[in-house]
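See structure below.
The values are calculated or read from the model by the stated rules, or taken from the named source; none is laboratory data. A quick note: this is a predicted structure, and the numbers were derived from the prediction, not measured. In case anyone asks, the SASA skips ligands and DNA or RNA and just uses the protein heavy atoms, side chains included. Shrake-Rupley method; radii C 1.70, N 1.55, O 1.52, S 1.80 Å.
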Amino acid sequence: MSDIKKRIAVLGSTGSIGTQTLEVVRNNNDFIIDVLAAYSSVEALEKQVREFSPRLVCVYKEEAAVRLKEAIADTETSVVTGMEGLIEAARFDTADIAVTAMVGMIGIRPTIEAIKAGKDIALANKETLVTAGHIIMPLAKEHGVKIIPVDSEHSAIFQCLNGEHTEEIDKILLTASGGPFRGKTREQMRDITVEQALKHPNWAMGKKITIDSATMVNKGLEVMEARWLFNTDFDNIQVVVQPQSLIHSMIQFKDGAIVAQLGTPDMKLPIQYALTYPERRYLKGDRVDFNTLARITFFAPDMENFAALRMAYEAGRMGGVMPTVFNAANEMAVSRFLDKKIGFLDITDSIQYAMSMVKNTDNPDLKEILDTEQYVYELLLSYFG
Ligand code: MG
C-alpha cells in the first residue's frame, strides 16, 4: 500500500456525511483535516476544531461565526464566514481534496471554486451536478481534477467502471430502496406525518435526504446526477427498486454483462473509497453473509404514485434550468413539510406546479441558475399563501 497522505477540506462537516467523513479520517492516520465548514452548528464545530485542529474553519452564518471565534480563541484555527468564507475554505491552498457535503444549492459556488483551485472533489452535494452539471463536468476536465462520487449509488457505478470505459456502458441500473412507503398509492400517502417520513428502512441519513427518499425525489436527483457523472443518456438510466439496499447499483455493458457492487448499507464505504481511490483499505463494519441472506428482491419503480421520479426524468430531459426548478421547488417544499406547514403530497405537487410555471432557458450560466432558484422560491411562497 502506498502512503496516500491526504489533506482534506470537509465542507458541511456537521451533517450526516460530514460527521461520517470525520469518522473515516479518525480511522486513517495519514489523513489530515485542513479545513472544516458548516452552516451554523457552533458547538459541534468547536468539538471538531479541538479534535482535528484544522487551519481554517468556515461558519456560514455570521453571528454563529462570531460565537465560534470566541469559543476557539485559544486555538490556531482561523474563522471565516459567509459565501466569501465558504469559497475561501473551498480554495484553501494546502488541501488536496474537498468533500462537498453541504445540503442544497449552496454547494454549487464553492464546488466550482474548489475545481478552479485544482482540488479533487469527493462529491456528496447532489445539487451541484443536478443543476450545473453542464458547467461542472467540462470545468473539472479543464482543470484536470477528479470528481469522485460519494453517493452510494454513484460510488457503486464508479466502482463497477474500474478498468472499463464509459463508452462501453449500455445501461446504468440505478438501485433504489423504494423508501418507507413503497407499495402505497398516492391516496394512502395523503396523511403521512413528518415522523413517519423520517423513518427510512435501511439508511441512516440527514433529514432532507430522508424525506427525499420517501418521495423518491432523491432517486430522481440521482438519475440527473448520473447523467452528468457518467456522460450517459436518460434513456440508458434505469431505476431498479431493490428494497434490501444490498446492491448499490449496477452497470450493464454493451456485451450484456452486468457488473454490480454490493455491501451492507454503510456510507463510510463510499466516503473512504473516495478518499483512498484507487486503493481500497480495511473498513470496520458488518459484511454481507450469503449463508444467512434470505433473498434480494427487485421491483419496477412506481412512477405513477411516486410522480416525482417521473418528473425528474422529464426535468432532466428538458435540461436547461428545469433541473434547477425541480430541485429548488423540492428544497423549499421539504423545508415547509419538515416545519409541518404543508402535507406530504404537497411536496410532489409543488414541484409539478413550479415546473409548469417556469419557462425553460437553454444552457444557463451560474447566474441564471441561481436566479432561477430564487424565482422558484418566490413562486412557491405565493403558491403556499
Ligand atoms: Mg444515494
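Does segment 68-112 come out rounded, prolate or oblate by the C-alpha gyration tensor, with a ≥ b ≥ c the root eigenvalues, rounded set by a/c under 1.5 and, if not, prolate when a/b is larger than b/c and oblate if not? Taking the square roots of the gyration eigenvalues as a ≥ b ≥ c, segment 68-112 is prolate. Of His154, His143, the residue with the largest accessible area leads and the full order is His143, His154 (1.4 Å probe).
Accessible area of Glu62 (1.4 Å probe, protein heavy atoms only, ligands and nucleic acids ignored): about 130 Å². Largest GNM mean-square fluctuation among Ala204, Ala257, Ala176, using the chain with Cα springs under 10 Å: Ala257. Taking a ≥ b ≥ c as the square roots of the eigenvalues of the alpha-carbon gyration tensor, the chain is classed rounded because a/c is under 1.5. Accessible surface calculations at 1.4 Å, restricted to protein heavy atoms, place segment 107-164 at 28 Å² per residue. For the chain, the carbon plus sulfur part of the accessible surface works out to 48%, probe radius 1.4 Å.
With a ≥ b ≥ c the root eigenvalues of the C-alpha gyration tensor of segment 33-95, is it rounded (a/c under 1.5), prolate (a/b larger than b/c) or oblate? Judged from the Cα gyration tensor, segment 33-95 comes out oblate (a/c at least 1.5, b/c at or above a/b). Note on the chain: with a GNM built from Cα contacts shorter than 10 Å, the maximum mean-square fluctuation among Asp349, Asp255, Asp120 falls on Asp255. Ligands, DNA and RNA excluded, the heavy atoms of Glu378 present near 110 Å² of accessible surface to a 1.4 Å solvent probe. Here segment 219-250 and segment 292-337 have alpha carbon centers that stand 11 Å from each other.
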